[in-house]
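**Student:** If you scroll down you'll find the structure; I have some questions about it.
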């Protein structure tokens, strides 16, 4: 069950029996929910590319978050773990559901360094929370951006999921940058992430693209292409969305007036801020604050 609101979407791809990919995209200002029954023979992997999601168990008595750039692995053969998921605004989440039999078939030779595949852990629950590797992040974006109308999409996504699994469980000492389609190595992917942090921290007076590229140590072309591939948007379009979302939260706090919020995110005149806010959310900041009452 998926509670659908404007500007949110859900996509499910069945790769084969016991092997599913779920893609959640919440671009709205509301938290959306998703519920699904799932057998205890399934392994769950959840990748949060941005934003924040929360899983609820036992009617909300137990919860855990999947945060920005984090991945969760969950397996409990002793009890069912139905998905009861809250997807917060501005969140992109990709989930992989795979039966343990299918997983064993894929990784039978690697059970020595995948802990929950070892014989002594075969009937134990397993939980892991790790950062998303840069190489995995690229594959996730390729899956999201795949052509939904293509007759070969399922085959493409299946191949990408195999690549994702191999990269996710790959030993760190064996990791190389050869999987990155546009960059020389993972160091450059980290530079793209650094660029994102810079524009967020200086949102009121962001650097030019050339200044940003120079600061992180990339040429302009790699910065632009790399940012688009990893974050699915141009640098300034990404920054615009981030600024508007930050402005919305400031307005909701009711600690700042419209002029103050506009200045905080880099608008020297309130009229420009009001126009930008309306473009993003379809209403003026003042009307938005009034709607909260």
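Read-outs: derived from the displayed coordinates by stated rules, not from any lab. Bear in mind the structure is a predicted one, so any value in this text is a computation, not a measurement. FYI the Cβ positions are ideal-geometry reconstructions off the backbone, even for glycines, and counts take in every protein chain you see.
**Student:** Does the stretch 39-108 classify as rounded, prolate or oblate by the C-alpha gyration tensor (a ≥ b ≥ c root eigenvalues; a/c under 1.5 gives rounded; else a/b over b/c gives prolate, otherwise oblate)?
**Tutor:** Oblate.
**Student:** Please compute, over every Cα-Cα pair in the stretch 186-232, the percentage with a separation greater than 18 angstrom.
**Tutor:** Distances greater than 18 Å cover 16 percent of the Cα pairs.
**Student:** Does a label point 7 Å from the Cα of residue 292, set along Cα-to-beta-carbon, have any residues of the stretch 17-52 with amide nitrogen under 17 Å, and which are they?
**Tutor:** Under cut-off, by backbone N: 29-31.
**Student:** I need the calculated FRET efficiency for the pair residue 41 and residue 69, taking r as the beta carbon distance and R₀ as 25 Å, to the nearest 0.05.
**Tutor:** 0.30
**Student:** Once you have the Cα-Cα distance between residue 275 and residue 33, take 0.36 nm times their residue separation minus that, and quote the gain in nm to one decimal.
**Tutor:** Working it through step by step, the gained length comes to 84.0 nm.
**Student:** Another question about this same structure. Taking a ≥ b ≥ c as the square roots of the eigenvalues of the Cα gyration tensor of the stretch 237-292, is the shape rounded (a/c under 1.5), prolate (a/b larger than b/c) or oblate?
**Tutor:** Judged from the Cα gyration tensor, the stretch 237-292 comes out rounded (a/c under 1.5).
**Student:** Quick check: pseudo-label points 7 Å beyond the Cα along Cα→Cβ at residue 197 and residue 162, how many nm apart are they?
**Tutor:** Going from the residue 197 label point to the residue 162 one covers 3.6 nm.
**Student:** Can you put 42, 55 in order of Cβ neighbours within 10 angstrom, beginning with the fewest?
**Tutor:** Final ranking by Cβ density, sparse to dense: 55, 42.
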